[in-house]
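The values are calculated or read from the model by the stated rules, or taken from the named source; none is laboratory data. Remember, predicted model here, so these are calculated numbers, not experimental data. Note that each Cβ is placed from the backbone with ideal geometry, even for glycine, and that neighbours are counted across all protein chains shown. The protein model used for the area step is the full one, side chains on, heavy atoms only, and it has no ligands, DNA or RNA in it. Shrake-Rupley method; radii C 1.70, N 1.55, O 1.52, S 1.80 Å.
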Amino acid sequence: MAESVTAALSKTRDELADLYRDLHQNPELSLQEKRSAKLLAQRLRTAGFDEVVEEVGVTGVVGVLRNGQGPVVMLRADFDALPVHEQTGLPYASTTRAVDHEGRDVPVMHACGHDMHATCLTGAADLLAHTRDHWRGTLLVVFQPAEELATGARGMVDDGLFERFPAPEIVLGQHVAPLPAGFIGYGTGPVMAAADSLNITLHGRGAHGSRPEASIDPVLMAANVVTRLQGIVAREVPPAESAVVTVGRLQAGTKDNIIPDRAELGINIRTYTPATRDIVRAAIERIATAESQASGAERAPEFSWFSSVPALVSEPDATHTTVAAFAEHFGQQRIMPMPQVNASEDVGVFGEAAGAPTVFWFWGGLDTHTVLTALKEDRLDQLPGNHSPFFAPLIEPTLSTGVEALVVAALTWLAKP
Ligand code: ZN
Ligand code: ZN
């Protein structure tokens, strides 16, 4: 059945490639995706969606297509770009600049492939809208902003996504990755890590650099905290679990002969299970508090947790069902199991909020020959991956594979007529 739906793709493929190049050349930063949102919403209207609403969660777009009795199936794509200076040399490379949320003028690039995600979802929505006799149920199409800030999904949910629109029985999403184009990669259970960020302010007492006895030195305190934090993964997280604790920002002082009165740390953690996440979060606060006491600080440190994404769990049973449909459509040889990815994705927020399983898979965008050569020369990790200024999926077969995967997945969960 999927074949008869995707057959019409040959008619829209070129037009979709134009849309992709347009989005790629005109990338927009998180929560600034206004032009892209307009384009995508217009596509859904043209496709005949019953309801198309913009500005859900600032710049999100929602489309509803009702087609009789059956489950509500949600297809999601993100569509924000990154502050990266594109160096692909492609004729449709971005030269766009924008002002980011902190007021800085930055280059902008679709370095994570979200332009491909949005294009494929547009194509799938169009195909399903034109083949309503092949399925029953309700299709909920969600273009989510601000994935790169890890806030976009939460923003749409908080803006009443599942009260204003039908709540789904399943959430389906995909991400283009540095795999060979035409291939689908999948995992089950936690496939991408939970990410949590915090800032710590350590309070000391400032003094002249020549009079350490008059100070409580926050620089020494911070140095000890950084070193001690490395013991969390090594000594507190069970060896079978994995976790990352990165101190990405460490700031104190203004001048060599002044002992400052405070130090700041910016920390990012990645975990796969709630239990490990709790261990790591608690250990960070315990260590900073204890080091502060060890230094004789008069004021306890301050902790500000400012960003939190749960681990992305691709529900095992639903994933197996979906992947079996992929194998039937694409052939088993184009399906590959994948290890966990330490990056994070906020698509899981939708499933969690709707109380529905999420199924998430990756699909390839790189030239197969390039990947095989790199594999032979043992330099797979040097291939341009997501967020690289050189990351550019091949338009085909990436686009067709992405559209077909969404259609096949949707039809797996929609009712038969
Ligand atoms: Zn990204
Ligand atoms: Zn991404």
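How fast does the stretch 39-96 diffuse by Stokes-Einstein, in µm²/s, taking the Kirkwood radius from C-alpha pairs at 10 °C and 1.306 mPa s? Please list the in-between numbers first.
Working: Rh = 14.3 Å.
For the chosen part, D equals 111 µm²/s.
Can you give the net charge of the other residues whose Cβ lies under 14 Å from the Cβ of G331, counting K and R as +1 and D and E as -1?
Numbers: positive: R334; negative: E3, E328, E404.
Result for the neighbourhood of G331: -2.
Please identify the GluC sites (Glu not before Pro) of the stretch 1-107 that satisfy two criteria: DSSP loop assignment and at most 13 other Cβ atoms within 10 Å. Which are they? If you can, show how the numbers build up before the last one.
Numbers: sites: E3, E15, E28, E33, E51, E54, E55, E86, E102; in loops: E28, E33, E86, E102.
Answer in residue order: E102.
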Original post:
For M336 and T321 in one chain, what is 0.36 nm times their gap in residues minus the Cα-Cα distance, to one decimal in nm?
Top reply: 3.9 nm
Original post:
How long are the three semi-axes of the equivalent ellipsoid for the chain, computed from the Cα gyration tensor as the root of 5 times each eigenvalue, in whole Å, largest first?
Top reply: 43, 22, 21
Original post:
For G348, what charge total do you get from the other residues with a beta carbon under 13 Å from its beta carbon, if Lys and Arg give +1 and Asp and Glu give -1?
Top reply: -4
**OP:** Could you give log10 I(q)/I(0) at q = 0.16, 0.20, 0.21, 0.22 Å⁻¹ for the stretch 1-97, computed by the Debye formula over C-alpha point scatterers of equal weight, without solvent?
**Re:** -0.85, -1.16, -1.22, -1.27
**OP:** On a C-alpha basis, how far is the centre of the stretch 383-407 from the centre of the stretch 162-199 in Å? Whole number, if you could?
**Re:** 15
**OP:** With a 1.4 Å probe and every protein chain left in place, tell me how much accessible area S307 has, in Å² to the nearest 10.
**Re:** 30
**OP:** Over all alpha-carbon pairs of the stretch 213-278, lay out the pair-distance distribution in 10 Å bins, whole %, shortest bin first.
**Re:** 18, 41, 24, 14, 3
Subject >> 5 Å binning of all Cα-Cα separations within the stretch 114-188, expressed as whole percents from 0 upward >> reply: 3, 11, 18, 22, 23, 15, 7, 1
Subject >> Gaussian network model of the chain, Cα within-10 Å springs - most flexible of R35, R13, R299 >> reply: R299
Original post:
So, with +1 on the Cβ of K and R and -1 on the Cβ of D and E, and no other charges, what is the size of the charge dipole of the chain about its Cα centre, to the nearest 20 debye?
Top reply: 160
Subject >> Solvent-accessible surface (1.4 angstrom probe) belonging to K34, in square angstrom, nearest 10 >> reply: 140
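Highest first, please rank the peptides 316-325, 149-158 by the mean number of other Cβ atoms sitting within 10 Å of their residues.
Output ranking for 316-325, 149-158: 149-158, 316-325.
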**OP:** Report ³J(HN,Hα) in whole Hz for each residue of the stretch 108-113, in order, from the Karplus equation J = 6.51 cos²θ - 1.76 cosθ + 1.60 where θ = phi - 60°; Gly and Pro get x.
**Re:** 10, 8, 7, 8, 10, x
Original post:
Expressed as an acute angle from 0 to 90° and rounded to the nearest 10, what is the orientation of the C-alpha long axis of helix 316-330 relative to the principal long axis of the chain?
Top reply: 50
Original post:
Per residue and in Å³, how big is the convex hull formed by the alpha-carbon atoms of the stretch 1-58?
Top reply: 112
**OP:** Please identify, among T59, T254, T273, the residue showing maximal mean-square fluctuation in a Gaussian network model of the chain using a 10 angstrom Cα cutoff.
**Re:** T254
Subject >> the stretch 210-287: relative contact order as a whole-number percent, Cα under 8 Å and 6+ apart >> reply: 35
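Residues of the chain: accessible area per residue at 1.4 Å, in Å²?
Working: 17700 Å² over 417 residues.
Heavy-atom SASA per residue in the chain reads 42 Å².
Mean projection of the alpha-carbon convex hull of the stretch 325-376 over all orientations, in nm²?
On the way: hull surface 21.3 nm².
Convex hull of Cα atoms, orientation-averaged projection: 5.3 nm².
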Original post:
Got a sec? Charge dipole of the chain, +1 on Cβ for Lys and Arg, -1 for Asp and Glu; which of T370, Q144, H203 is way out at the positive end?
Top reply: H203
Subject >> Interchain or long-range residues, amide H under 5 Å from A207's placed H >> reply: I259
Original post:
Which Rg and Dmax, in Å, describe the Cα atoms of the stretch 71-198?
Top reply: 17.0, 51
Original post:
When all C-alpha to C-alpha distances in the stretch 311-417 are sorted into bins of 10 Å, what percent of pairs does each bin hold, rounded to whole numbers?
Top reply: 12, 38, 37, 12, 2, 0
Original post:
How would S304, S344, S292 line up by accessible area, probe 1.4 Å, largest first?
Top reply: S304, S344, S292
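Report the net charge of residues surrounding E51, where surrounding means a beta-carbon distance below 12 angstrom and charges are Lys +1, Arg +1, Asp -1, Glu -1. Could you put the intermediate results ahead of the total?
Values: positive: R45, R66, R164; negative: D50, E54.
Counting the neighbours of E51, the net charge comes to +1.
Any chance you could list the semi-axes, whole Å, largest first, of the equivalent ellipsoid that the Cα gyration tensor gives for the stretch 194-309, using √(5λ)?
Over the Cα atoms of the stretch 194-309, the ellipsoid semi-axes are 29, 13, 11 Å.
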Original post:
Summing -39500 (n - 2.57) over the DSSP H runs of n ≥ 4 in the chain and dividing by its residue number, what mean residue ellipticity at 222 nm do you reach, to the nearest 500 deg cm²/dmol?
Top reply: -11000 deg cm²/dmol
